[in-house]
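Comments concern the structure below.
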Amino acid sequence: DETGARLELQRLHEDRSQGSEFAMPTVLLGAPIWRADLFRLGPSDGLERAHHHPRFTNGEPCDRVWLADEDAAEPLQWTERVLTDGLESLLSDAGAADLYGAATQRQLAEILPLAILATKSCLETVAG
């Protein structure tokens with residue numbers, strides 16, 4: 001079985017149809033945009049099953065795009081690079097170019113260190 005960590009970007013939708021203008025909106029997860037599966041088979045040092053899905057159609061991922069060996073060897077650095085320097089092309093390739101902008105970059109800069117830390121923890125836990 002594959003074990004490891006999964007990171008997924010999804011659209012968020014705010015539903016403000018209930019309550020007053022001051023009411024807390026309901027936040028809903030929307031369609032997936034991109035997913036990285038940093039997986040290994042069994043107890044091993046490598047992530048030989050590491051791949052990502054750069055596009056989704058109706059919630060279904062495209063075929064796996066395998067990480068290059070050097071990226072699978074440094075999955076946290078690859079993830080950070082893809083979600084910072086590569087964010088504009090990632091969103092464009094995924095059909096979500098409308099999300100790229102200063103607000104998205106700022107939000108991602110705030111959350112990315114926590115996501116990387118959580119991913120690292122998951123990878124260390126499953127490495128046993």
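The values are calculated or read from the model by the stated rules, or taken from the named source; none is laboratory data. Every value quoted in this text rests on a predicted model; they were computed, and no experiment measured them. Here the Cβ positions follow ideal geometry from the backbone for every residue, glycine too, while neighbour counts run over all protein chains shown. These area figures cover heavy atoms from the full protein model, side chains too; ligands, DNA and RNA do not enter into them. Shrake-Rupley method; radii C 1.70, N 1.55, O 1.52, S 1.80 Å.
Below are the figures for this structure:
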item	result
Percent accessible area from carbon and sulfur atoms, the chain, protein chains only, probe 1.4 Å	51
Simple spin-label estimate for Ala118 and Asn58 in nanometres, 7 Å along Cα-Cβ	2.9
Under the Karplus curve 6.51 cos²θ - 1.76 cosθ + 1.60, θ = phi - 60°, whole-Hz ³J(HN,Hα) for the range 50-55, x wherever Gly or Pro sits	5, 7, 9, 10, x, 8
The chain - share of DSSP beta bridges that are antiparallel (%, nearest 5)	100
Angle in degrees between helix 102-127 and the longest Cα principal axis of the chain, rounded to the nearest 10	40
Equivalent ellipsoid dimensions for the range 1-80 as semi-axes, Å, which come from the Cα gyration tensor, largest first	34, 13, 11
Protection proxy ranking, peptides 68-79, 46-57, average beta carbon neighbours within 10 Å, highest first	46-57, 68-79
Distance between modelled label sites at Glu110 and Glu21, nm, 7 Å Cα→Cβ extension	2.3
Rounded FRET efficiency, nearest 0.05, which uses the C-beta distance separating Asp85 from Leu28 and R0 of 30 Å	0.50
Hydrodynamic radius of the range 11-128 per Kirkwood, over alpha carbon pairs, in Å	16.1
Relative contact order [Cα under 8 Å, 6+ residues apart], the chain, whole percent	22
